[in-house]
Amino acid sequence: MSKKLFIETLGCAMNVRDSEHMIAELNAHGGYELTDDATQADLILINTCSVRERPVHKLFSELGTFNKLKKFDAKIGVCGCTASHLGKEIIKRAPYVNFVLGARNVSKITDVLHRDKAVEIDIDYDESQFAFKDFRSSPYKAYINISIGCDKQCTFCIVPKTRGDEISIPTDLIISEVRKAVENGAKEVFLLGQNVNNYGRRFSGVHEKINFTELLRRVSEVEGLERIRFTSPHPLHMDDEFIEEFARNPKICKSMHMPLQSGSTEILKAMKRGYTKEWFLNRARKLREMVPDVSISTDIIVAFPGESEEDFEDTLDVMRQVKFEQVFSFKYSPRPMTEAEQFTNMVDSEVGSERLSSLQALQDTILDELSSTLLGREFDVYFEELRSDGYVAGRSGNNVLIKVKGSEEHLGQTARVKITETTRLVQYGEIVA
Ligand code: SAH
Ligand code: F3S
């Protein structure tokens with residue numbers, strides 16, 4: 001009888017892919033069957049995120065709960081960025097945890113499984129970390145890593161400390177992963193890295209050096225592949241060549257993530273983001289000019305140390321000018337091992353909460369305005385998900401989330417859909433072709 005694995009994945013798309021890698025390795029070594037019932041599991045894994053403080057606090061209460069409800073001989077492993085960041089501290093605080101496996105060490109999952117109290121959190125690298133057995137949670141869309149780690153030093157961000165230096169994955173390996181995914185039925189690939197448009201900066205061995213724009217061209221040549229998405233690009237590296245390829249290449253979905261963080265040039269400097277408000281606006285303008293239908297999403301941090309009312313107004317100003325289709329907004333959370341942790345000019349927490357809600361209120365009005373323009377328009381939608389309410393959900397190339405009445409047979413298919421009802425976040429429509 002095969003063993004049962006319960007895995008909870010928190011955080012970003014890279015964690016989703018890391019979880020798939022661990023499932024694949026565990027499957028290849030003894031066969032684990034996935035379960036969503038932790039009480040039945042022989043192995044419980046939590047793949048953690050440490051970008052903000054709150055999920056780290058939550059981890060320990062969650063671990064306590066798992067420890068109480070698990071089968072008596074089930075093992076618990078803590079993986080991912082909080083594992084990298086806290087290491088053996090986790091076993092000190094929760095002694096029933098069997099092993100700790102960092103974000104850069106997921107290839108060692110079958111090894112630590114047999115070493116009680118193992119703590120593997122090195123951020124060194126070797127190429128064995130790139131190639132994994134196959135497992136994908138969706139047959140329709142394939143996540144594919146193109147780089148790991150991050151070389152930037154944004155002063156608020158813990159990721160370079162948990163995921164280590166930035167290494168690009170060899171192009172031929174990426175292309176063969178794309179081919180394999182397409183052979184297995186995926187029509188869409190999602191290229192992943194902390195800083196994708198810095199691709200080619202450093203390889204771990206001798207490999208052909210190409211940049212991200214060239215990588216996009218090569219990926220798009222894979223026959224049978226219909227859609228390419230990627231995350232996250234960095235606004236600093238959005239040169240003309242990149243934006244022009246994005247505009248020109250029909251396989252690239254017209255959806256761009258442009259993490260702004262702040263609209264104030266002063267704050268951007270303190271964050272060490274490497275660009276100014278004007279540069280960001282210039283890049284967004286060029287994108288909108290070249291790709292009129294593009295959807296732009298962003299990440300914003302409010303109440304970074306030293307952020308004045310005026311700085312915050314600059315952020316709102318960028319939001320009014322760019323009219324992002326999606327905003328992920330966060331209140332600044334001081335993180336260990338980051339430069340900003342030492343900053344003393346903290347913004348009052350209540351002021352931070354007020355700024356966050358007024359920013360979100362502004363975004364709501366922008367979204368209401370944007371969604372009302374969608375009524376009656378038609379999009380090509382790639383259906384990926386069957387909902388329990390008799391609908392199937394999918395996205396247009398420019399990332400509009402659309403639901404239509406449908407069934408399993410729509411999954412993995414693209415159809416032309418006319419929007420018949422709009423809401424702030426999801427649009428409803430009917431298939432016209
Ligand atoms: N390289 C990724 C960043 C990963 S972290 C990217 O560019 O998208 C994801 C987001 O979390 C960041 O873009 C930032 O907006 C937010 N974030 C990171 N550190 C944070 C902190 N200390 N406090 C609040 N938000 C933070
Ligand atoms: Fe973090 Fe900045 Fe890299 S946000 S992941 S250090 S680009």
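Based only on Cα atoms, what mean projected area does the convex hull of the range 378-431 have, in nm²? Taking a quarter of the hull surface, the average projection is 3.2 nm². For the chain, the cysteines with no partner cysteine C-beta closer than 4.7 Å are 12, 49, 79, 81, 150, 253. Only lysines eight or more places from residue 4 in sequence, or on another chain, were considered; those with a Cα closer than 28 Å are 58, 68, 70, 71, 75, 88, 92, 108, 117, 133, 141, 180.
Put simply, when 403-411, 57-65, 300-308 are sorted by average Cβ atoms within 10 angstrom per residue, most first, you get 300-308, 403-411, 57-65.
The distance from the alpha carbon centre of the range 33-65 to that of the range 160-227 is 30 Å, rounded to a whole number.
The antiparallel fraction among DSSP beta bridges confined to the chain stands at about 35%. Using the empirical formula 2.2 N^0.38 Å as the baseline, the Cα radius of gyration of the range 135-291 reaches a ratio of 1.06.
Given R0 = 25 Å, the distance between the Cβ atoms of residue 245 and residue 223 translates into a calculated FRET efficiency of 0.85.
Ignoring lysines fewer than eight residues from residue 152 along the same chain, the ones with Cα atoms less than 19 angstrom from its Cα are 161, 269, 272, 277. By the Kirkwood approach, averaging reciprocal distances over each pair of separate Cα atoms, the range 3-120 gets a hydrodynamic radius of 13.8 Å. Amide hydrogen proximity for residue 331: with H placed 1.01 Å from N in the peptide plane, the residues at 5 or more positions away or on another chain lying under 5 Å are 302. Here the chain is treated as a Stokes sphere of Kirkwood radius computed over C-alpha pairs; at 10 °C and 1.306 mPa s its diffusion coefficient rounds to 69 µm²/s.
Taking only protein heavy atoms and a 1.4 Å probe, the accessible area of the chain is 49% carbon and sulfur. Distance from the Cα centroid of the range 275-322 to that of the range 1-22 is 34 Å (rounded to whole angstrom). Within the range 149-212, the proportion of Cα pairs with more than 17 Å between them is 50 percent. Put a plus charge on the Cβ of each Lys and Arg, a minus charge on the Cβ of each Asp and Glu, and nothing anywhere else: the dipole of the range 141-372 about its Cα centre is then about 820 debye.
Ordered from highest to lowest accessible area with the whole protein assembly present and a 1.4 Å probe, 155, 365 read as 365, 155. Solvent exposure of the chain, expressed per residue, is 44 Å² of accessible area, with all protein chains present and a 1.4 angstrom probe. Which value, in debye to the nearest 20, gives the size of the charge dipole of the chain about its Cα centre, when Lys and Arg are +1 and Asp and Glu are -1 at the Cβ? Approximately 660 debye in magnitude.
The relative contact order of the chain, computed from alpha carbon pairs under 8 Å that lie at least 6 residues apart in sequence, is 10 percent. Return the tail of the calculated pair distribution for the range 212-317, meaning the percent of Cα-Cα pairs more than 23 Å apart. Here the tail beyond 23 Å accounts for 33 percent of pairs. When the range 378-431 is described by a simple charge dipole with +1 on each Lys and Arg Cβ and -1 on each Asp and Glu Cβ, the residue from 414, 391, 379 located farthest towards its positive end is 379. Placing unit charges on each Cβ (+1 for Lys and Arg, -1 for Asp and Glu) gives the range 269-359 a dipole about its Cα centre, and among 328, 284, 271 the Cα reaching farthest toward its positive end belongs to 284.
When the Cα positions of 63, 215, 113 are compared along the charge dipole of the chain, 113 comes out farthest toward the positive end, with charges on each C-beta of Lys, Arg, Asp and Glu.
The values are calculated or read from the model by the stated rules, or taken from the named source; none is laboratory data. As the structure is a prediction and not an experimental result, all values here were calculated from the model. Quick reminder, even Gly has a Cβ in these numbers, built from the backbone with ideal geometry, and neighbours come from all protein chains shown. Heads up: the accessible areas ignore ligands, DNA and RNA and are worked out on the full protein's heavy atoms, side chains in. Shrake-Rupley method; radii C 1.70, N 1.55, O 1.52, S 1.80 Å.
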